[in-house]
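Engineer: I am attaching a structure below and will ask some questions about it afterwards.
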Amino acid sequence: MKYLVMIQGTQADYEAMGGKPSAHSPAWSEQDLQAMFAFMGAVNADLVESGELVDGQGLTEPARARTVSAGPDGRPLITDGPYGETKEVLAGYWVLDCESLERVTEIAARVASCPAPEGAAQYPVVIRPLQDAEGGPA
C-alpha cells in the first residue's frame with residue numbers, strides 16, 4: 001500500500017534555519033542544519049535500500065508559495081502563501097510503498113525524532129494512505 005508521509009513547519013521555522021530567530025523558533029546553527037540534513041539523508045538512504053521510497057521532497061519556504069482559487073465571479077483569485085487560516089504548512093513529504101500501516105508508522109516515528117536545536121517547535125508527522133484511480137487503497 002502507498003502512503004503519503006508529511007512533515008510540517010512554519011515560515012518562522014524556515015527563517016530560523018536561515019539564522020533568523022523568532023519568539024517561536026531559535027536560530028539554527030550550521031551544526032544544527034548539518035545534523036538535520038545527515039539525519040534526513042540517512043532516512044532517505046534506508047528507504048531507497050528497502051525499496052519503500054517512491055518519491056520524497058522538501059518544499060521551499062511558505063513565503064514562496066501561491067494559492068489559486070475560484071473567485072466569486074469564477075475568475076481566479078490568487079493570493080501569496082499556501083494557506084490564509086493557518087501558520088503550519090507542508091514542509092516536505094515522502095510517498096512510500098510499505099507492507100503495512102505499522103511499518104509506515106515506524107518510519108514516521110523515526111522522522112519525528114529528527115534532531116533540532118533546543119526550543120525548536122515539534123510538529124507531528126502525518127500519514128495518509130493514497131487512493132488508487134478506482135478510489136480504493138493504492
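The values are calculated or read from the model by the stated rules, or taken from the named source; none is laboratory data. Small disclaimer: the values here were computed from a predicted structure and weren't measured. Because the Cβ atoms are built from the backbone with ideal geometry, glycine has one as well, and the counts that use them run over all protein chains shown. For accessibility, only protein heavy atoms count, side chains too; no ligands or nucleic acids. Shrake-Rupley method; radii C 1.70, N 1.55, O 1.52, S 1.80 Å.
Engineer: Residues of the chain: accessible area per residue at 1.4 Å, in Å²?
Structural biologist: Numbers: 8770 Å² over 138 residues.
With the other protein chains kept in place, the chain gives 64 Å² per residue.
Engineer: For the range 1-92, which trypsin sites (Lys or Arg not before Pro) are in a loop by DSSP, counting at most 15 other Cβ atoms within 10 Å? Don't skip to the end; give the middle numbers.
Structural biologist: Working: sites: 2, 64, 66, 87; in loops: 87.
Answer by residue number: 87.
Engineer: Quick one: longest stretch of the chain between exposed loop GluC sites (Glu not before Pro), exposed meaning at most 16 other C-beta atoms within 10 Å and loop per DSSP?
Structural biologist: Details: sites that count: 85, 88, 99, 118, 134.
Longest site-free region, per DSSP loop and neighbour criteria: 1-84.
Engineer: Given the Cα-Cα distance of residue 46 and residue 60 and 0.36 nm per residue of separation, how much length would full extension add, in nm? Display every interim value, and only then the final one.
Structural biologist: Values: separation 14, 0.36 × 14 = 5.04 nm, distance 2.38 nm.
Separation in residues times 0.36 nm, less the Cα-Cα distance, equals 2.7 nm.
Engineer: Follow-up. Within 10 Å of each candidate Cβ there may be at most 13 other Cβ atoms; applying that plus a DSSP loop requirement, which chymotrypsin sites (Phe, Trp or Tyr not before Pro) in the range 35-100 survive? Please report the intermediate quantities before stating the final value.
Structural biologist: Numbers: sites: 37, 39, 83, 93, 94; in loops: 83.
Passing both the DSSP loop test and the Cβ count: 83.
Engineer: Another question, then. What is the percent of Cα-Cα separations in the chain that go past 28 Å?
Structural biologist: On the way: 2702 of 9453 pairs.
Tail of P(r) above 28 Å: 29 percent of Cα pairs.
Engineer: Round to a whole number: what % of the accessible area of the chain belongs to carbon and sulfur, probe 1.4 Å?
Structural biologist: Values: 4700 of 8770 Å².
Roughly 54 percent, rounded to a whole number.
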